[in-house]
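The values are calculated or read from the model by the stated rules, or taken from the named source; none is laboratory data. If you're wondering where the values come from, they're calculated on a predicted model, not measured in any experiment. All Cβ positions, even for glycine, are placed from backbone atoms using ideal geometry, and neighbour counts span all protein chains on display. Accessible surface areas use protein heavy atoms only, side chains included; no ligands, DNA or RNA. Shrake-Rupley method; radii C 1.70, N 1.55, O 1.52, S 1.80 Å.
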Number of protein chains: 4
Amino acid sequence: MIASASFFAQRGWLLGTCGNLSIKLADHPVRLLSTPSGKDKSRLQEEDFLLVDGQGQVVGDPSRQASAELGVHQGIYARTSAGAVYHVHSIFNNLASHRWRSQGRVRFAGIEMIKGLAGKTLDDVVHLPIVDNSDNMDQLAANVAAGISPEVDAVLVYQHGVYSWGRNPDEARRHVEILEFLLEYVVRLESLPTGC
Amino acid sequence: MIASASFFAQRGWLLGTCGNLSIKLADHPVRLLSTPSGKDKSRLQEEDFLLVDGQGQVVGDPSRQASAELGVHQGIYARTSAGAVYHVHSIFNNLASHRWRSQGRVRFAGIEMIKGLAGKTLDDVVHLPIVDNSDNMDQLAANVAAGISPEVDAVLVYQHGVYSWGRNPDEARRHVEILEFLLEYVVRLESLPTGC
Amino acid sequence: MIASASFFAQRGWLLGTCGNLSIKLADHPVRLLSTPSGKDKSRLQEEDFLLVDGQGQVVGDPSRQASAELGVHQGIYARTSAGAVYHVHSIFNNLASHRWRSQGRVRFAGIEMIKGLAGKTLDDVVHLPIVDNSDNMDQLAANVAAGISPEVDAVLVYQHGVYSWGRNPDEARRHVEILEFLLEYVVRLESLPTGC
Amino acid sequence: MIASASFFAQRGWLLGTCGNLSIKLADHPVRLLSTPSGKDKSRLQEEDFLLVDGQGQVVGDPSRQASAELGVHQGIYARTSAGAVYHVHSIFNNLASHRWRSQGRVRFAGIEMIKGLAGKTLDDVVHLPIVDNSDNMDQLAANVAAGISPEVDAVLVYQHGVYSWGRNPDEARRHVEILEFLLEYVVRLESLPTGC
């Protein structure tokens, strides 16, 4: 997780202490390993990570606080088979959320990179849902939960960022990389004279 | 400060020996730690930094010279509760200063990243002031001082760069990262067919 | 090959475990050294590489599988004097494949960088063929094979990526760098008011 | 010089073994230290550099060959007070050479970064000359020599790259960084709705 956080930070997807990553360690009872709130994600160390239970409480250390957005992660774990949830902010995922907000989703079709999403072939059309952002974490968690679609392991939040997951940390990281590629691609296509 | 300078330099925000960073070490009497003038900021070492007093004189070594723009920093310290002032040049902060010069400010609204600015929520609209540039350092310091607004801990100088501050070095660095993200975002939005 | 994979990965051309590199070690019988399928290319180690024969079987270890796209490489080796074949995905090679798909090729003329392609001078006009993508590896290999032109050591696959080769690994790497430069250049030209 | 080559290579300005750097070590007789021809500039070592005399011959080792473009450097040394000449290729310097080719020069005015060019103030308007490219090195050297202007220590070659110099290596490097910033800036301005 440190390697992934460092990789994402280097690409500018975790600027300004934003973004957060979590991994599910156990189901019964639920145990998540999570990045801390408000820390610079390019300088994380092992002891910065938090062990969190199903209610969002830090296990064994009530003085420390999990990321305010962990409720969004928990809603995703509850509704999917995710083993890891990664959340990153990028210029291009923000641009895409703005460009296609009125359609409520970003459409990907006929692009090789789609095959990097679990279970997809080149013939699949993938719609990435766009949901509203909110300052209220319960509302945001509800928005993201309502946006979850069987078509893709990710939800895009308007002018905020993407939540993406996978059955394990490697798949979650691959999904983040694939989606950021696809989002930058379709945004840049818009600026070309013959953009689709 | 070396880490931040190196990070900013790596992102291309301190090219050509431009840009400068300072930290306030003490108030009575005023003591600032400042980057030197004319040095390549990607190759700074501890002994390159200067200890400067309230009049801009290097403490204990009159033979060395502080950055010509330190007067701008001092004007900011005098009018705010800044504990650190960071000044960076970037392609996108220059582009934004040009695009919205006639309005005198850049407007940010409804973007999650706004929450990374001290005290802001998603509902806050933030206007980043744009002031004129000048070759005369007293004039530039006066322009920046006149531009300071309670709405945001930063002033953008026309086709020059951004001065941003925070109560401490970590907050100043976070503000720089957040503002560069927001500025690149709103500039790129302008090139999209349905840009706001 | 590790150095080239790491260099390409750093530039974002091998994201999401995509892309693959191969080198021809011997002709009789054919022996290729190939990157493995489904691995993160930024974290390759020596033991990850596969020794593959002319039929695409891993030599000495039938339990391991070569990249599904190795058939494309073998078709290129069979029809050219390539000593190395590198395949990378990038935003800009995807954009170019979309922009000039109807012409079936991307045209480069009068650009100094053309001289970095083997045997070319500044006066040469180079047409990079664009072929259809396919989920069927035999079909994709056939498409790429049919696209091979004496004009340039590369074929661009629609919304997929570029296959580029050279007589040796250094030349293959140089061709990838040159073509990515040229493709980004002609795509960005399109956004300029007086684009060609 | 290794540090500068590595820095430029990292920014993508020396791709595909292109670009070359030289430093003047002595005047009587002329001795230049030069990057070798055809080498990957991101992997240079001390022994790769060549000691070259006023006629472009490698001193003490006639078996090694200087860069084919060294004649351009020699023409610059002969006509200016340059102590170092750096030549880099970039997407944005190519784009600028195309955008303003008919005017024969790129115009910079009112941008803070201009002050990073030797002897310039914010009030100076700087015109960077654009000259024709040529496969013939004598012709190219003549084109660049004819383009040299007292206004700026650099000449831009059409769809090729920039030759920039300074009285010493640090100044030459600063000029490269400043000019690449300015060129990217004015090219990106063109894509904004209210570009100048």
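Key figures
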read-out	value
Radius of gyration and maximum dimension Dmax of the protein assembly as shown, Cα, Å	27.1, 82
Chain A: relative contact order in percent, alpha carbon pairs under 8 Å with at least 6 residues between	20
Radius 12 Å from Cβ of A:LEU192, net charge of other residues (Lys, Arg +1; Asp, Glu -1)	+2
When the convex hull of its Cα atoms is projected in every direction, mean area for region B:1-84 (nm²)	5.3
Listed residues B:GLY54, B:GLY83, B:GLY110, most fluctuating in chain B (Gaussian network, C-alpha, under 10 Å)	B:GLY110
Heavy-atom accessible surface that D and B bury in contact, both chains counted, 1.4 Å, Å² to 100	2400
Computed accessible area, D:ASP132, all protein chains, 1.4 angstrom probe, square angstrom	80
Positive-end residue, region A:65-150 charge dipole about Cα centroid, Cβ charges, pick of A:PHE92, A:HIS73, A:VAL131	A:PHE92
Relative pair counts by distance (%), Cα atoms of region C:64-123, 5 Å bins	4, 13, 14, 17, 27, 17, 5, 2, 1, 0
Per residue accessible area in Å² of region D:45-196, where ligands, DNA and RNA are left out and the probe is 1.4 Å	38
Relative contact order for region D:87-134, counting Cα pairs under 8 Å that sit 6 or more residues apart, in percent	34
Gaussian network model of chain B, springs between alpha carbon atoms under 10 Å - residue of B:VAL131, B:VAL59, B:VAL85 with greatest fluctuation	B:VAL59
For region A:33-179, alpha-carbon Rg over 2.2 N^0.38 Å	1.06
Average beta-carbon neighbours from other chains, 10 Å sphere, peptide D:112-118	5
Per-residue average of Cβ from other chains inside 10 Å of C:165-178	2
Averaged over B:95-102, number of beta-carbon atoms from partner chains that fall within 10 Å	3
Chain A - percent of accessible surface contributed by carbon and sulfur, probe 1.4 Å	45
Hull shadow area, averaged, region C:125-196 [alpha-carbon convex hull, nm²]	5.6
